[in-house]
Amino acid sequence: MHPDQPVLTAAQRLGLTAASFVLMATAIMALGPLIASSAWWWLCAFVSAGVLFAGAGLRALRVRGALVPLLEAVVLLMLLTLLFGGSTSLLFLVPTPETFGLFGELFSGAQRTIAQQSVPAVTVPALSFALALGVGVLSILLDILVQVARRPAFAAVPVIVPLLIPGFIVETGVGLPVLVLVAASYLLLLRVDVRVNRSARFELDRDDGIATVTAPRRVPVASTLGASLGVAGVGIVVASMLAASTPSISSSLLLGTGSQSTLFARGVSPFIDLGKDLRRPEPRPAFRYLARDGDRPNFTLLTLDRFEGDVWSVADRPVDGDNTVDAMGAPVGLEAEVETSEHPIEVLVNEVRTTWLPVPYPSTRIDGLQGSWFWDDESLTVRSADTNTAGQRYEVTRLEVEPTVEQLRGAGSSAGIDGRYLELPEEIPEIIPATAASLASGSGSAYDTAVAIQAFLRSPEFAYSTEAPVEGGYDGGGFEVIGSFLEQKQGYCVHFASTMAVLAREAGIPSRISIGYTSGSPTTERVDGVQRVEVDSHDLHAWPELYFEGVGWVPFEPTPGRGSVPAYSRPGAGQSPTSVLPTGPASTTAPSGRPDLDPDRGFAGPASDPFTNSGSWRVVALLLGVAALLSIPALTRVLQRAMRHRRIRRGDRSADAAWQEFVATAADLGIGIASGTPRAIASSVAGRPAFRDPDTSAAMLRLRDAVERARFGPDDVVEPPPQARHALADDLRAVRRAMLHDAGARDRLAAALLPRSLVERVVRVPGVRAGGGA
Amino acid sequence: MPRPRTHPTWPRLTRRGIALMVVGVLMAGVSLWFDLRDILVLAFVGVAMPVVAAVFVALRRPRLAVQREFAPAVVPAGESTRVSLVVQNRGTRTLDGAHWRDRAPEGALAPPETLLPALGPYEAVLPSGDDRVRVEYRLRMPRRGVFPVGPLRIGVQDPFALAGVERDAGAAHEVLVTPRVTPLSEALATAASIDGVVHGLQRRNHPNSDELIAREYRYGDPLRRVNWPATARRGELMVREEEQRGDPEARVLLDVPTGARSGLAVHHERSPEVDERFELAVEVAASVGVHLLEHGFRLRCTSITDHERGLGPSAPFDGSYRMPGGEHLLLEDLARVDAAAHRGRADDGRAASEVRTRGRDAREPGFAVLADPSQADAGALVALRPSFEPAIAFVTATVSSVVRQMLEDADWNVVTVRRTSDLDGAWTAIASTAVRDAS
């Protein structure tokens, strides 16, 4: 143990910085599975390098050690301004208040994009910003641990952060090669630190002149490389073998119920949420649109195409960064014979706030959106990576598909479609195949079967009710629910849509369910001669879509009294144009038949931030966090005091420890002077009222004498015997009690919560120290 | 003197190794709790690396040759000696990441743990010196005694400083620390009071003074040595004193405390105070002895309990020293006197030695130095009293009043010495009283 820490040279610090940078750069690689492409890595590496090497440069300029992290934070801010500030900054580097506004937007965008995107995520600017900021902050933390605290072993703490994230999001987690690389670069940092420390301490030993060491002139350095590589290699191999042979203890075993599924929800069925929302009173406006020629399409938000367990759910597909909305893909299965026409629709979303954009299916392009929006390959639904629909104003070009009945009836086997649209669970209630068989038996083609199913569900036997399923205990879209629904014959759009979709699959027709809005209610207001249509939460709806080869996905409307039945799907359509069943006009029927929706909560389900639902819990957690943060200084001080008392008990330079504690207590309370000889400090505090009591004063003087004897006495002075040390501790306690008693309540509080002695300790930290242990 | 304990050479984790292990265990906990299999690899790296490092340092034992030299090899207490070490790597691999610490005796300040520069592999042919390092430091020896310095502790750490092991290299070497000698004024040596012996000494210095050749006849002197002219002049029987010419003798009796004493509880455990008094006694004995030797005396220095034999196994058999070179031998033997080790000798010493007066011998100056004598010791001194003239007992503060009384009753001149600086004054005072008594 050396009393004074060796000072590192600029080259040594540069070596440590380089090793830190390598470690950080490899650690960020762990995020690879989560984020598409690799440009983000270069960005993160650039930010990390900027921060770390700026720190090295500052230290080379002999900036005070405690200041360097602060200046590094400034450098990080400048880098972020350079990369993201754009035109709001001065000289590309100096942020302005506008820049901070921009950062705030980017940051909230990043929160949204983390909540909304599934992996691999597209690097929208907000995500890049969050990555750069996070990596920058971690780099500063790493720098503090490595260079200021000189505890490189704890560099593992900031580095583990990017490594933990993938495990929570993707099943496989971080790949083994990356982990091995991270471990290797961590060991590299340790090795560099050992070498740097050794050479620095060697200089120190040479300077202090206690012993003269005549070193050999030259020593092959490379020969120690083998040992380093050997130890590191064996360690990593042993670790890999241990990890491979450790049995997996599932979290459910430990926690009873899996906490993952509640905290990190993936693919939750939106049906239950929809049902809850349908039973809410008070319609709220969702959006309005202008469409020429009386065009009244349904607006799809998202498409449910598979069973997750027992319920319908949306396939969890990652956003494809190439699928930008200015050129959307062609609808699946649509062939040139089918008549199509394009209709522009201008949409203004006012209140609804979801990550899914209401667009008619199919659409060809969308213009005027804010933020990053991408379309899904098959369903052509549009979702955002970093923003939501609130306040969006966009023009969508809808492709109207007008198949004839002959085309539908003539559709061949649906071989061109993914098999999952036909998947059904193994065990389903008996009533479903029975119903499907009876409906399919009377008709020839798939189209006829579909029309028969729709007619069956629209028959007077079935009644629309949002309350009955809840009372009957069969809310939702699962199979048990469908079975119950077929018996009770009461339900709402969810039940009708899922029943039709299941019956269609049972009959061999690929099907899926779309959730969105019906066409809404026209208002009297006109803009440029076009009637404006208002869509509110009453228009929230679910409907089935069936696939016909050559035509693609065709919507049906099995819910009685809701939406409009497409012309092609009416029984007898195409045979006798005059025989038409009564059409359910758009948004008709009594208000009681329309579900009441709260659009705010409507479809946030699939990828919502779980914390938004529990605001109060978050506040409590925030408060707890703030309290924990605020109590760090106090805890540090308490710990320090305990350590010093332990030193007194164990006789490890006990007099010094007692005196340090006394001086620190005095400094906390703002009494006396913080530094100087024991005699000076003692005389500076002796005048305080606390020391009028002769006992206290004597105790303080005993402390002073003890430390003087220890510091200035002969070198080989032995530690006092245990009784004396005990007395020392008692003296210390007595003096501390007296000083606390003497101080005002405010001073006492300040001493407990924000001990000044800690600050002075930090400020006194010299530039860079070579650590001893970790 | 406590033997250096043999430290176990088990590898120990450094603080960094412990920190890494704690981090690893925490990470393993986190990864099992949240079922993050991927992190488990890193967690086990944290757990396994310190263990692998410990195994590494345990298996890889360096082969070192250590030479140690002291300059000077015999040091007076309180002075320092320069310790030179040459550490040579005898292994075929480079030794790096090592630090050294010399094991110094209790009370001496060895340099703190210092880095050992990297040593190249052993050069059996064409030695260029890259396989050896030379280390020098000063070691201050505060106390008298024979102290082993070393063996060298070589601590080796693994390349990542996660674990380390300390091993002994080479052997311990003894450094001899002699007691401090306080110069004494010449008062006693020139005092005429000291019987015959000193006269002889002085006659050697002044060979022409005829008067001082003869002395009074004492019982046992052979008749052929009667100096008739002097007898005629003085009117009483005088004898020549040829044999003792140039060969005056003095006795120093040192009280070496032994543990095997009954009756006094304080002796069962040696208190630091008694040790300190004993050190003072040794210093007094050394100062007196060197003073006497320098002034031409032949000196016999023995312990009280065993007053026929020398102080230690290395001392001359009957404990006699003479110039030239005698003072070095005396100091070295006094350096080796060890109160604790003496205990073993005490029993047979006591059994063998009865208190005999050497009535036949001429009376010689006797100096007893007492630190903590038992009554038996005092009795021995009382019995020896007749053969000494003058008989002076230097006693330290720990000597009990009973002993003191016994000695005074037997006409010992008891002088209290509390610290070394008192010695010169006490010596001068003795000389003047002796002169006064004689006059």
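Each value in this text was obtained by applying a stated rule to the coordinates, not by laboratory testing. Being a predicted model, the structure only gives us computed values, none of them experimental. Reconstructed Cβ throughout: ideal geometry from the backbone, glycine too, with neighbour counts over all protein chains shown.
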Let a ≥ b ≥ c be the square roots of the eigenvalues of the Cα gyration tensor of the range A:622-743; is it rounded (a/c under 1.5), or, if not, prolate (a/b larger than b/c) or oblate?
-> oblate
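Mind ranking A:495-507, A:365-377 by how tightly packed they are, going by the mean number of other C-beta atoms within 10 angstrom, highest first?
A:495-507, A:365-377
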Could you list which residues have their amide H under 5 Å from that of residue B:75, counting only those 5 or more apart in sequence or on another chain, with H placed in the peptide plane?
-> B:176, B:177, B:178
For peptide B:96-107, how many partner chain Cβ atoms fall within 10 Å of a residue's Cβ, on average?
-> 2
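Round to the nearest 0.05 the FRET efficiency obtained for residue A:332 and residue A:471 when R0 = 41 Å and r is the Cβ-Cβ distance.
Rounded to the nearest 0.05, the efficiency is 0.55.
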P(r), alpha carbons of the range A:271-571 - 20 Å bins starting at zero, rounded % = 34, 60, 6
Quick one: Debye curve from the alpha-carbon atoms of the range A:142-248 only, equal weights, vacuum; give me log10 I(q)/I(0) at q = 0.14 Å⁻¹ to two decimals.
-> -0.77
Cα gyration tensor, the range A:405-468 - rounded (a/c under 1.5), prolate or oblate | oblate
Using a cut-off of 14 Å between beta-carbons, work out the net charge of the residues near residue A:508 (Lys and Arg +1, Asp and Glu -1, residue A:508 not included).
-> -3
By Cβ neighbour count within 10 Å, fewest first, B:49, A:739 rank A:739, B:49
Peptide B:220-231, shielding by other chains (average Cβ, 10 Å cutoff) = 0
Other chains' Cβ within 10 Å of B:130-139 residues: what's the mean?
-> 4
Tabulate in residue order the Karplus-calculated ³J(HN,Hα) for the range A:358-370, using 6.51 cos²θ - 1.76 cosθ + 1.60 with θ = phi - 60°, rounded to whole Hz; enter x for Gly and Pro.
-> x, 9, x, 9, x, 10, 9, 7, 10, 10, x, 7, 8
Enter the Cα centre distance for the pair the range A:708-752 and the range A:40-102, rounded to the nearest angstrom.
-> 45
Mean separation of Cα contacts under 8 Å, 6 or more apart, over the residue count of the range A:271-571: relative contact order % = 25
